[in-house]
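Data first, discussion second: the structure below is written as structure tokens.
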Amino acid sequence: GDLVIQNGGNDKDISFRCDDGSGGLTEYFRIDGQYELNRFVKNARFIDGVKANFGTTDDLQIFHSSGTNIIDSTIGDLIIKVSQDDGDIIFQSDNGSGAISTYFRVDGGVKQTIFEENLRVNDSKYALFGNSNDLEIRHDGNDSEIINNTGNLTIGNRTDDGDIIFQSDDGSGGTTAYLTLDGSATNMTAHKTMTWVDSVKAQFGNSGDLSIYHDGSSSHIENQTS
């Protein structure tokens, strides 16, 4: 039959003790009858492949197997939570030089997710922004895309006297500026030739009052306002 270890005293405990490695006795764990808890006073070790199971049907499992540590939620969501006011959740790993570094943290004080190392999104995977994937950024292995699906797309520089500089390959293995939006001079500077293809007009004035274009055969300068 079964072996029952029982203490019938109200609010009393069952204490498991063993040698402390120094010729004495020490408590290893306790069944606490007052608070209805199992209290571990010493480390508990689960050898390789042996799981710590939680839930009536082993809904959560924690174990080490074949050099890998696994937290497996077999039913429902897995929530990692800090209830401490302004507390953080910090994700750390090896830094490649024999030490440990923080890669990112969920900062409860400033309500931000802060990345302290590079974040890479693999080829053809999107970085999505907005409740309905309103902005998409991706690289497909060859080309990069910024796709806006809702509203306007604004590129802004709010630094006083700061510029927005459009750069590309210079044809010689380097990069060069093609167009600068100059925040101190408040103008746009074209650093390279700007080409309008046939029949596309360069227009001036709020209503396109002056047009300059080439239609494939002839060049036109048209003034629409006297």
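Can you tell me the order of 171-183, 194-206, 150-162 when each peptide is scored by its average per-residue count of other Cβ atoms within 10 angstrom, highest first? Spell out each step's value before the answer.
Details: 171-183: 12.2, 194-206: 10.4, 150-162: 8.6.
By packing density, highest mean first, the sequence is 171-183, 194-206, 150-162.
How high is the FRET efficiency from ASP182 to GLN34, r the C-beta distance, R0 45 Å, rounded to 0.05? Working from the Cβ atoms, E equals 0.05.
Positive end of the dipole of the chain (Cβ unit charges, origin at the Cα centre): among SER172, GLY24, ILE221, the Cα lying farthest that way belongs to GLY24.
For the chain, what number of Lys pairs, 8 or more residues apart or on separate chains, have alpha-carbon atoms under 29 Å from each other?
Details: LYS12/LYS42; LYS42/LYS51; LYS42/LYS81; LYS51/LYS81; LYS81/LYS111; LYS81/LYS125; LYS111/LYS125; LYS192/LYS201.
So the count of such lysine pairs works out to 8.
Each peptide among 100-111, 123-134 gets the average number of other Cβ atoms lying within 10 Å of its residues, and from highest to lowest they stand as 100-111, 123-134. Simple point charges give the picture: +1 on the Cβ of Lys and Arg, -1 on the Cβ of Asp and Glu, and for the range 71-132 a dipole about the Cα centre of about 180 debye. In this structure GLU145 has an accessible area near 60 Å², from a 1.4 Å probe over the protein heavy atoms. Recomputing percent of Cα pairs over 25 Å apart from the coordinates shown identifies the correct label among [x] 44; [y] 54; [z] 75 as [z].
The values are calculated or read from the model by the stated rules, or taken from the named source; none is laboratory data. No experiment lies behind these values; they were computed from the predicted model shown. No Cβ is skipped: glycine too gets one built from the backbone with ideal geometry, and neighbour counts run over all protein chains shown. Only protein heavy atoms, including side chains, enter the accessible area calculation; ligands, DNA and RNA are left aside. Shrake-Rupley method; radii C 1.70, N 1.55, O 1.52, S 1.80 Å.
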